[in-house]
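Down below is the structure, laid out as structure tokens.
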Amino acid sequence: MKKMIVGIILGTILVYLSLRGIDFREVADGFRQIRVDYVLLFLAIVFSVQLLRSFRWGLMLRPLDRVGQISLFSVTCVGFLAIISLPARLGELARPYLITKKSRIKMTAALGTVLVERVCDSVAILAIFGAVLLFIPSLPQWLVRSALLISLLTFLFVSFMIAMLMKRQAALEALAPLIRRLPERFAVKIDGLLHQLIDGFKIFSNFKLLLQVMLLSVLVWMINAAAIYTLFHAFALHLPFTAATVVMIILLIGIAIPTAPGFIGNWHYACILGLTLFGVPKSEALTFAVIYHFLSIGIVVVLGLIFLPFNRFSITDMKKEALSTHKGL
């Protein structure tokens, strides 16, 4: 609840910063000039990204169990609906919970694959950013420093995950002093959950599968950048493809900040910040941000609601699943 309140306050501040100094007549004019054909193309591209995400997740889950593509796609759609709907990133638990209902995979192991997914996304985005620097070397220092910090954190996290997988017993022994400080009933549960979580990292021991996932990750984010580039044309913004990648990267940094559900505020402020780097007036950037947010969130909501009747869940359900997992250890 505290995180949600802080997130709403921060989102409100970012909404204010996004709207400050805006001529709303120019914003209204921008809405009227949108080309619908490019909007439809944008929606098709975003839909294809969701398909690719679900397929990629299936590859990550393969060392644990094979899951059908229809199940993967439906769980992915509902999972992303949960991410934008629930506060404090609680929605990240929805996919691991739901996939347990369609496979033999334990929830904690599935959560491990989600962590792997985040690492692969970070590596792919950093690789794309490195390529962009070759074409736009004069990007703001704060953006370059942010990329360097993310690179360091990603490297440390990957190293930790690989060490946990390859040297499981040694890693658990290193964590044992911390675990022993907990009450006995929790210590036993956490030890078992750590084993399941490490199982979710198994893809790191399969180089061929990992390479496929990494290539798919780069493809997913290049297609995401292509979606933004398509939307540029809908607004008659004559910007290069590299500008779309920069906007995407700044947006990803922006929505990493926990704010109100739906990324309201940070999404818009990040888009405006990225577009103004390329000389787009703030009012036009706001129009773009509003439409981009509406369409992106809209397709997630529609797809999520379509598959929600087949993948119902609640925070209470996820808690019960975690408790049942504990009892089985």
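Nothing in this text is a laboratory measurement; each read-out follows from the coordinates by a stated rule. Please read all numbers here as calculations on a predicted model, not as lab measurements. FYI the Cβ positions are ideal-geometry reconstructions off the backbone, even for glycines, and counts take in every protein chain you see.
Could you tell me the relative contact order of the chain? Use alpha-carbon pairs under 8 Å, at least six residues apart, and round to a whole percent. Result for the chain is 34 percent.
Shape of the chain from its Cα gyration tensor (a ≥ b ≥ c, root eigenvalues): rounded if a/c is under 1.5, otherwise prolate when a/b > b/c, or oblate? Note, shape of the chain comes out prolate. Model label sites at Leu40 and Lys167, defined 7 Å from Cα along the beta-carbon direction, differ in position by 5.8 nm. Using Cα atoms only, what is the angle between the long axis of helix 315-327 and the major principal axis of the chain, expressed in degrees (0 to 90) to the nearest 10? Relative to the chain, helix 315-327 is tipped by roughly 30 degrees.
Counting only alpha carbon atoms, the long axis of helix 241-255 and the longest principal axis of the chain meet at about 50°. The stretch between Arg66 and Ala174 holds 35.6 nm of extra length on full extension. This uses 0.36 nm per residue minus the Cα-Cα distance.
How big is the charge dipole of the chain about its Cα centre, in debye rounded to the nearest 20, if each Lys and Arg gets +1 on its Cβ and each Asp and Glu gets -1 on its Cβ? Here the chain has a charge dipole of around 1100 debye.
For the pair Leu156 and Arg104, label points projected 7 Å from Cα toward Cβ lie 3.8 nm apart.
Computed per residue of the chain from DSSP H runs no shorter than four, each worth -39500 (n - 2.57), the mean residue ellipticity at 222 nm is -26000 deg cm²/dmol.
Against the main long axis of the alpha-carbon atoms of the chain, helix 184-199 sits at an angle near 60°.
For Leu308 and Asp23, a Förster radius of 41 Å and the Cβ-Cβ distance give a FRET efficiency of 0.55, rounded to the nearest 0.05.
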